[in-house]
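Notes to accompany the following structure.
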Amino acid sequence: MLMQNTGDRPCRNGEVGKIIELPGRSEGKKEEGPDAAVHDSVKHAQLTYDLRKIREAVEKAPDIREEKVAIIKKMIASGEYSVQAREIADKMIQEFLLDDSPKS
């Protein structure tokens with residue numbers, strides 16, 4: 001299984017499939033014969049285990065990265081932190097365009 005780096009932000013619902021290369025999906029080949037059902041069952045069990053481990057890791061990850069918050073608070077207090085409105089607007093637009101959830 002191949003995990004791709006998703007950057008600093010945590011996964012959103014539905015993104016797990018985007019960061020996992022599912023085995024056997026790219027070939028498009030189907031096994032046939034008496035061992036195919038057993039092989040498919042083993043593949044399914046392994047995939048279920050892998051997805052459970054990924055879900056556990058995501059659930060354990062903090063929603064707030066305390067170390068980054070502390071650094072930014074220190075920069076704000078010392079007057080070193082400056083906000084670039086253009087960069088924030090660009091990132092907001094990018095997040096909006098990448099968001100798969102239905103818009104109301």
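What's the FRET efficiency of residue 100 with residue 36 using the Cβ-Cβ distance as r and R₀ = 41 Å, to the nearest 0.05?
According to the calculation, E is roughly 0.75.
For 88, 72, 64, which order do you get if you count the other beta carbons within 10 Å of each Cβ and list the fewest first?
In increasing order of surrounding Cβ atoms, one gets 64, 88, 72.
Arrange 41, 82 by Cβ neighbour counts within 10 Å, fewest through most, would you?
Details: 41 10, 82 7.
Ordered by Cβ neighbours within 10 Å, fewest first: 82, 41.
Taking neighbour counts of Cβ atoms within 10 Å as a proxy for exposure, in what order, fewest first, do 63, 50, 99 appear?
Result, fewest neighbours first: 63, 99, 50.
Express in nm, to one decimal, how much length is gained between residue 82 and residue 43 on full extension, taking 0.36 nm for each residue of separation and deducting their alpha carbon distance. Before the final figure, lay out the partial values.
Numbers: separation 39, 0.36 × 39 = 14.04 nm, distance 5.06 nm.
Taking residue 82 through residue 43 to full extension adds about 9.0 nm, to one decimal.
Per residue and in Å³, how big is the convex hull formed by the alpha-carbon atoms of the range 64-104?
Normalising the Cα hull of the range 64-104 by residue number yields 107 Å³.
Mind giving me the nanometre distance, one decimal, between the label points for residue 69 and residue 56, set 7 Å out from Cα along Cα→Cβ?
The answer from the label model is 2.6 nm.
Laboratory data are not the source of any read-out in this text; all were calculated from the coordinates shown. The shown structure was predicted, so the numbers you read here are calculated from the model rather than taken from an experiment. Here Cβ is always computed from backbone atoms with ideal geometry, including for glycine, and neighbour counts include all displayed protein chains.
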